[in-house]
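The block underneath contains the structure these notes are about, expressed in structure tokens.
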Number of protein chains: 2
Amino acid sequence: MSTAEVREAYTGRADEYISLLGSVADMHELDRELISRWAGRLDGPALDAGCGPGHWTDHLRRLGHDVEGVDLVPAFVARASERFPEVPFRVASFDDLGVADAALGGVLAWYSLIHLEPDRVAPALDEFARCIAPGGTLLLGFFDGARVEPFPHKVVTAYFWPPSAMTERLEAAGFTVEEVHTRAEPGSRPHAAVVARRTN
Amino acid sequence: MSTAEVREAYTGRADEYISLLGSVADMHELDRELISRWAGRLDGPALDAGCGPGHWTDHLRRLGHDVEGVDLVPAFVARASERFPEVPFRVASFDDLGVADAALGGVLAWYSLIHLEPDRVAPALDEFARCIAPGGTLLLGFFDGARVEPFPHKVVTAYFWPPSAMTERLEAAGFTVEEVHTRAEPGSRPHAAVVARRTN
């Protein structure tokens with residue numbers, strides 16, 4: 001979906017979304033563990049790219065990290081700033097994260113690439129790579145699938161991605177994939193997470 | 001491998017194995033989280049089937065569970081009993097776990113089916129199903145692979161299993177697979193874990 005379409009779709013449902021999915025306590029324990037573990041190995045500031053309601057950004061801050069949250073949707077940034085006043089949030093898109101080259105130890109992009117049309121994922125990964133220092137890492141969460149294909153996500157069209165296809169895109173952007181995690185459970189769409197290191 | 005071959009292979013290397021892999025602190029954080037989470041939902045006693053050095057058995061006991069560890073290898077049972085005197089351990093094989101029908105809330109079989117010749121996995125799952133009460137669960141950990149195939153594990157031949165093939169065997173034994181987790185990381189063989197509920 002276009003940036004404008006995604007922004008509009010979430011703007012109209014920001015409060016509903018926050019009440020359903022805006023709290024770390026409601027997140028999967030294994031996701032909390034994975035994200036905490038990833039963050040524990042960061043060397044340098046972190047960016048929560050596509051932070052939505054800001055719960056993971058706040059989680060990273062509570063763990064002691066220097067972290068900022070950015071989101072495309074002004075309503076999320078406003079609400080996140082109210083909810084977590086100690087965390088800096090601002091509006092930004094994946095076209096330009098507003099971060100200096102190689103300034104970051106890592107980027108968390110947790111379910112924030114899911115609505116991008118597949119050919120827009122590569123430019124977003126290039127922007128992450130630009131901002132991450134060599135040796136830094138990217139943690140991606142997304143919907144696992146056998147093929148890159150769209151499905152009617154509740155808010156706006158989203159895409160399944162096989163970890164192998166995401167790995168190809170990451171390698172093209174200068175990352176080396178270090179970890180691939182998948183999870184399938186009843187009542188949830190298949191989940192994947194990838195940790196990739198910026199190597200060149 | 002035959003029961004006798006596996007017993008003999010581990011007996012000769014029990015101390016080495018314990019020093020390398022006998023501590024929960026050395027286990028993967030995500031495995032600890034998954035096993036703890038699985039145990040937290042048990043209703044009834046647990047059995048750690050193929051407990052080896054007993055570290056996961058002790059972990060479950062520390063979490064407050066009624067748990068017993070069994071292993072094929074007397075040297076493991078002896079050392080586990082010394083290391084964790086508050087936990088009951090005994091020698092048993094997957095042919096007969098020495099537990100009454102439907103007596104258990106759950107069985108942990110963490111990397112303990114890995115050396116079985118593939119056609120010996122089904123009888124072991126049948127024995128787990130016999131011991132687990134309806135509604136109880138089995139947590140399996142094993143080496144993930146694209147095909148069921150052997151590889152030269154350090155101690156004695158082991159097998160990769162695709163989660164889909166393990167799911168088929170579990171369903172045939174009266175289980176319903178509820179969770180499938182996989183993990184790929186550098187320096188480790190691909191990992192899979194499955195939570196299956198005894199449903200019929």
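Quick rundown of the values:
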| read-out | value |
| --- | --- |
| Highest-MSF residue in chain A out of A:Thr137, A:Thr167, A:Thr182 [GNM, Cα springs under 10 Å] | A:Thr182 |
| Accessible surface buried once B binds A (1.4 Å probe; total of both sides; Å²) | 1400 Å² |
| Beta bridge orientation in the stretch B:57-200: antiparallel %, DSSP, nearest 5 | 65 percent |
| List of the stretch A:1-38 residues, accessible area with partners at least 40 Å² below that of the chain alone (1.4 Å probe) | A:Glu29, A:Leu30, A:Glu33, A:Arg37 |
| Area accessible to solvent at B:Arg198, 1.4 Å probe radius, in Å² | 40 Å² |
| Inter-copy spacing of A:Ala133 label points, which lie 7 Å from Cα along Cα→Cβ, given in nm from shortest upward | 5.5 |
| Relative contact order (percent, whole number), chain B, Cα cutoff 8 Å, 6+ residue spacing | 18 percent |
| For the protein assembly as shown: accessible area per residue (Å², 1.4 Å) | 41 Å² |
| Beta bridges per DSSP with both ends in the protein assembly as shown, % antiparallel, nearest 5 | 55 percent |
| Integer Hz, Karplus 6.51/-1.76/1.60 couplings in order for the stretch B:158-164, x for Gly and Pro | 10, 10, 7, 9, x, x, 5 |
| Top of A:Gly44, A:Gly105, A:Gly187 by mean-square fluctuation, Gaussian network on chain A, Cα under 10 Å | A:Gly187 |
| Neighbourhood net charge (10 Å Cβ-Cβ; Lys/Arg +1, Asp/Glu -1) for A:Asp96 | -1 |
| Shortest-first nm distances, A:Ala4 label point to equivalent points in other copies (7 Å, Cα→Cβ) | 7.8 |
| Percent of C-alpha pairs per 10 Å bin, the protein assembly as shown, short to long | 5, 21, 28, 21, 16, 8, 1 |
| Unit Cα scatterers, Debye sum, the stretch B:3-198: log10 I(q)/I(0) for q = 0.12, 0.14, 0.19 Å⁻¹ | -0.53, -0.74, -1.55 |
| Total formal charge among the other residues, if their Cβ is under 14 angstrom from that of B:Val148, Lys/Arg +1 and Asp/Glu -1 | -2 |
| Around B:Gly187: net Lys/Arg minus Asp/Glu count, Cβ-Cβ under 13 Å | -1 |
| Structure-based [θ]222 nm, chain A - -39500 (n - 2.57) summed over DSSP H runs of at least 4, per residue, nearest 500 | -10000 deg cm²/dmol |
| Selected from A:Gly69, A:Gly98, A:Gly54 as most flexible by GNM, with chain A as the system and alpha-carbon contacts under 10 Å | A:Gly98 |
| Size of the stretch B:81-123 as Cα extents on the principal axes (Å, biggest first) | 36, 24, 16 |
| Accessible area of chain B belonging to carbon and sulfur atoms, whole % at 1.4 Å probe | 51 percent |
| Shortest-first distances to equivalent copies, position A:Ala100, nm, label 7 Å out along Cβ | 7.1 |
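The values are calculated or read from the model by the stated rules, or taken from the named source; none is laboratory data. Bear in mind that the values here come from a model prediction, so they are computed numbers and not experimental data. As a convention, Cβ positions derive from the backbone with ideal geometry for all residues, glycine included, and neighbour counts pool all protein chains shown. Note: accessible area is taken over every heavy atom of the protein model, side chains too, but ligands, DNA and RNA are not part of it. Shrake-Rupley method; radii C 1.70, N 1.55, O 1.52, S 1.80 Å.
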